[in-house]
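Nothing in this text is a laboratory measurement; each read-out follows from the coordinates by a stated rule. Keep in mind it's a predicted model, so treat the numbers as computed, not measured. Neighbour counts are summed over all protein chains in view; Cβ atoms, including those assigned to glycine, are modelled from backbone coordinates with ideal geometry.
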Amino acid sequence: MHTPMRECIGCGKKVQKQAMLRIVKKEGQISLDTTGKSEGRGAYLCKNIECLDECIKRKKLNRAFKQNVSDDIYNKLSEEMRHLFE
């Protein structure tokens, strides 16, 4: 059976989709998709702090979503993700 693989925008590694966190952009809103099934453009991150930090440091969501993502959104996503990692 085929296992869906996705590339982490933090480290660039290809990992099984189920083992990653999805960030989704729908109707201009960017949020964390904990189900992995929400409609909209998605970007994937490994479930570790290092990939999250790399994504924030290099503003990787700007490229993934082809728009300027504000620091407020990065901070909000960071808080939500760090809460999940605890």
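What fraction of the Cα pairs in the chain, stated in percent, has a spacing above 14 angstrom?
Numbers: 2221 of 3655 pairs.
When every Cα pair of the chain is considered, 61 percent fall beyond 14 Å.
Measure nothing but the geometry: give the 0 to 90° angle between the long axis through the Cα atoms of 71-85 and the longest principal axis through the Cα atoms of the chain, rounded to 10°.
40 degrees
List Tyr44, Tyr74 from most exposed to least, where exposure is judged by having the fewest other Cβ atoms within 10 Å.
By the 10 Å Cβ count, ascending: Tyr74, Tyr44.
What trypsin sites (Lys or Arg not before Pro) does the chain have in DSSP loop regions with at most 16 other beta carbons within 10 Å?
Working: sites: Arg6, Lys13, Lys14, Lys17, Arg22, Lys25, Lys26, Lys37, Arg41, Lys47, Lys57, Arg58, Lys59, Lys60, Arg63, Lys66, Lys76, Arg82; in loops: Lys13, Lys37, Lys47, Arg58, Lys59, Lys66.
For trypsin sites (Lys or Arg not before Pro) across the chain that sit outside H, G, I, E and B with at most 16 neighbouring Cβ atoms in 10 Å, the list reads Lys13, Lys37, Lys47, Arg58, Lys59, Lys66.
Report the charge-dipole magnitude of the chain in Debye, nearest 20, computed about the Cα centre from +1 at each Lys and Arg Cβ and -1 at each Asp and Glu Cβ. Present the calculation step by step, with values, prior to reporting the outcome.
Details: 18 positive and 12 negative charges, 91 e Å.
Here the size comes out at about 440 debye.
Helix-only estimate, please: 222 nm mean residue ellipticity of the chain, summing -39500 (n - 2.57) across DSSP H runs of length 4 or more and dividing by its residues, to the nearest 500. List each step's numbers first, then the result.
Details: 3 runs with 29 residues, N = 86.
After summing the helix terms and dividing by residue count, I get -10000 deg cm²/dmol.
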